[in-house]
Each structure stands twice: as C-alpha cells, then as structure tokens.
Amino acid sequence: RVLGARMRHSKFDGANGARPRKLLQQILKLASLLEEGTSEEIEAAHKQFLKDLALYEFGMSKIQVVADTSLREVQAYKSLQADLQSEMEKTSAEIEKLKERVAHERIVRKNKEEYTVLAKTVEHLPSRKQTEKDKTELQDQLLRLEEQTSAQHQKMELRKKQMLLLLHLAEEMKANLDDDDDQLEQMALSGTSPLPLPPVSPGDVEMGEAEA
C-alpha cells in the first residue's frame, strides 16, 4: 500500500517508458522477489526502491522548481514586454508631438525672420508725409511738362502755318514774275514800251512787312 501510494504520488507510469529505466527494473525485480524471494531480499529490494524513488522525486521536485521558475520568468518577461511596448508607444507619441512642436517652432522662427527683414526694409523707406510730398511734386512736374508740350505743339502748328503761307506767297510771286517776263517779251517783240509801275505807298510796304 505504501509503495502504491508513493507511485501514485510520483505519478509513476512505467508502461509508457517516461520514467527512469532503473526504477522499472527495480519494480520488476521486486515483483519477482515477492513470488520467489526471501523476506530479507524483499525488504532490501523494497528499501532500495524507496531510496531510488525518493531520489527520483527529489529530482522531479527540482525540475518542477525549475519549471515553475521558468514559468514565472516567462510571465515576468511577458509583463516586461508589455510594459516596454507601452513605453515604446508612449515614447513614439511623445516623439510625434515633439516633431509637430519642432515644425511649429520652425514656422514661428521663419515668420520672425521674415518680419525682421520687412521691418528693416520699412525703416529704409520714406515716411508717408514724404511720400505724399514727392507724389505732389511729381504731379506738378507732370502738369508743367504737359503745359510745355501743349505750348510746343501750338508753336509748331503756328510755324507750320507760317511756312505754308510763305510757300504760297513764294509761288504767287514766282507766277507774277513769270507773267511779267512774258509781257516784257511780248512788248519787246511788238516794239511797245512797258507800262509804268504804279507808285508804292508807305502803307503798302508796311502791309507787306506785316504779312511777311
């Protein structure tokens, strides 16, 4: 009964060969001695079997301790892995936030630099009062130029008319001279004397000079 209880406690199943062969051989020897051996041999075999069984149970307990320790280590590793995964996700989220913050800071810094450049440019520009003054002066200059241009145009038109008048007078004088030459030539051929020229009054001279 004691042997059966110990075997059940140690979960011994020699049939599947999972236990040490030495214990199986001792069981077979003990069974043989129970049929043919003396009580001393049976007692000695029984003690040896119990001793080997105790050693086996001790070894199995050590294996169980190692297995339990390994299981706890695996569980601890899984827990640590979960913690690391959580920390990695948290770190990744913080990195993304830092990236967004860095991008925002870059935009802010760029805007500040552009504002500084614009401020320096504005400092070198004239004031609004000076700009209005310059604008008024330019408008006055444009107005004077327009007036001068108009006066020059009128003057050119007048000179053009005077030139046309002079050309017309020159053509008339040439035509009159040609007529006089023809009359003189005819009179010379006919033997008649030329007609006396009409007297020229001072008023006619002044009128001619005025027309010229």
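The table for this structure:
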| quantity | calculated |
| --- | --- |
| Verdict on T69 being surrounded by 10 or more Cβ atoms within 10 Å (Cβ to Cβ), of a type in the set (V, I, T) and farther than 30 Å from R21 by Cβ | no |
| Test result for K120, surrounded by fewer than 10 Cβ atoms within 10 Å (Cβ to Cβ), without any contact (Cβ under 8 Å) to a residue 12 or more places away in the chain and out of contact with any Asp or Glu (no Cβ under 6 Å at 6 or more places or on another chain) | yes |
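Residue-wise test of (1) modelled with pLDDT of 85 or more; (2) touching a helix residue (DSSP H, G or I) at 6+ places or on another chain (Cβ under 7 Å).
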site	(1), (2)
Q25	no, no
Y56	no, yes
G59	no, no
S70	yes, no
E87	yes, no
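The values are calculated or read from the model by the stated rules, or taken from the named source; none is laboratory data. Quick caveat, the model's predicted, so the values are computed rather than measured. With ideal geometry, Cβ positions are generated from the backbone for all residues, glycine too; neighbour counts draw on all protein chains shown.
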